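Engineer: Please find one structure pasted underneath; my questions will follow.
Every read-out reported here was derived from the displayed coordinates using simple, explicitly stated rules and does not represent laboratory data. Everything numeric here is computed off the predicted structure, so don't read it as measured data. Positions of Cβ are generated from backbone atoms using ideal geometry, with glycine treated the same way; all protein chains shown enter the neighbour counts.
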Amino acid sequence: MPKTRNSKSATRNSGSLVAVIMGSQSDWDVMRNADETLDQFGVAHECRVISAHRSPALAAEFGSTAESRGLEVVIAAAGGAAHLAGVLAAHTTLPVLGVPMRSESLNGLDSLLATVQMPAGIPVGTVAIGKPGAVNAALLAVAILANSRPALREKLHEFRETQDKKIRAIKLT
Ligand code: RP5
């Protein structure tokens, strides 16, 4: 499965359907949950660090070439002044899912608001702060891809059935 981390070219077609982008290497411990979830569904994807603030030209280049590279969904995670998802969304019409990272000073509330409060016209689908958001962004990406891929839709049904069975099997006393 293709996975590129900070490869030099943002324009090469890697065969990935989903890009998992994060603002810093420090986001990886959380965002590996998105990586693992996409692996679980066998979805070709790539993970890389691109900062809206520290590497603004790369963010613009990545966003504006994402569609022509064959990507179908972009997941973007950032913390604090979390502008990455919005900046990528400004450069592409692909669906962009924003994952707010927990931050040191405001515990991720800053990240959540910065990611979710997009102006009308440039949508970012924002998920929960941290790990639940990373997992759910990946599941939403799978659900988007499943609209035209019946095998993925079937895997999503199986995933939900497994969850349901686990809950039903819980005996507390
Ligand atoms: C954001 O600032 C990153 O997404 C990260 O969540 C946060 C802190 O980054 P580092 O200072 O750890 O690189 O841009």
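Engineer: How far is helix 28-40 tilted, in degrees, relative to the longest principal axis of the Cα atoms in the chain, given as a value from 0 to 90 rounded to the nearest 10?
Structural biologist: Compared with the principal axis, the helix lies near 60 degrees.
Engineer: I would also like to ask the following. In a Gaussian network model over the chain where Cα atoms closer than 10 Å are linked, find which of ALA120, ALA59, ALA128 has the largest mean-square fluctuation.
Structural biologist: With Cα springs under 10 Å in the chain, the top fluctuation among ALA120, ALA59, ALA128 is at ALA120.
Engineer: Could you pull out every residue, at least 5 positions away or on a different chain, whose amide H is within less than 5 Å of the one on MET22? Hs are placed 1.01 Å off N in the peptide plane, and Pro or chain starts have none.
Structural biologist: Long-range HN contacts for MET22: ARG48, VAL49, ILE50, ALA77.
Engineer: While we're looking at this one, here's another question. Could you list which residues have their amide H under 5 Å from that of THR126, counting only those 5 or more apart in sequence or on another chain, with H placed in the peptide plane?
Structural biologist: Excluding prolines and chain starts, which carry no amide H, the hits are GLY98.
Engineer: Here is a further query. I want to verify the translational diffusion coefficient of the stretch 88-169 in µm²/s; compute it with Stokes-Einstein, Rh as the Kirkwood radius over Cα pairs, at 4 °C and 1.567 mPa s. Present the calculation step by step, with values, prior to reporting the outcome.
Structural biologist: Numbers: Rh = 14.4 Å.
Taking Rh from Cα pairs, D becomes 90 µm²/s.
Engineer: Once you list every other residue whose beta carbon is under 14 Å from the beta carbon of ALA134, what net charge do they have if Lys and Arg are +1 and Asp and Glu are -1?
Structural biologist: Details: positive: ARG32, ARG102, LYS131; negative: ASP27, ASP29, ASP35, GLU36, ASP39.
It works out to a net charge of -2.
Engineer: If all Cα-Cα distances of the stretch 14-58 are sorted into 5 Å bins from 0 onward, what percent lands in each bin, rounded to whole numbers?
Structural biologist: 6, 22, 28, 21, 16, 6, 2
Engineer: Please work out how many pairs of lysine residues in the chain are eight or more positions apart (or on different chains) and have Cα atoms closer than 29 angstrom.
Structural biologist: Pairs that pass both the separation and distance tests number 10.
Engineer: Shifting gears a bit: Would you give the gap between the C-alpha center of the stretch 123-173 and the C-alpha center of the stretch 18-39, rounded to a whole Å?
Structural biologist: Their Cα centres are 16 Å away from one another.
Engineer: To continue, here is another question. Mind checking which of ILE129, ILE144, ILE21 has the largest fluctuation in a GNM of the chain, springs on alpha carbons under 10 Å?
Structural biologist: The residue with the greatest mean-square fluctuation here is ILE144.
Engineer: Which three extents, in whole angstrom, do the alpha-carbon atoms of the chain cover along their principal axes, largest first?
Structural biologist: 55, 38, 30
Engineer: Report the label-to-label distance for GLU61 and LEU113 in nanometres (one decimal), using points 7 Å from each Cα along the Cα→Cβ vector.
Structural biologist: 3.4 nm
Engineer: Suppose each label sits 7 Å from its Cα in the direction of the beta carbon; what would the ALA151-ASP29 distance come out to in nanometres?
Structural biologist: 3.6 nm
Engineer: Rounded to the nearest 500, what is the chain's calculated 222 nm mean residue ellipticity when only DSSP H runs of at least 4 contribute -39500 (n - 2.57) each, over all residues?
Structural biologist: Values: 6 runs with 75 residues, N = 173.
So the helix-based figure for the chain works out to -13500 deg cm²/dmol.
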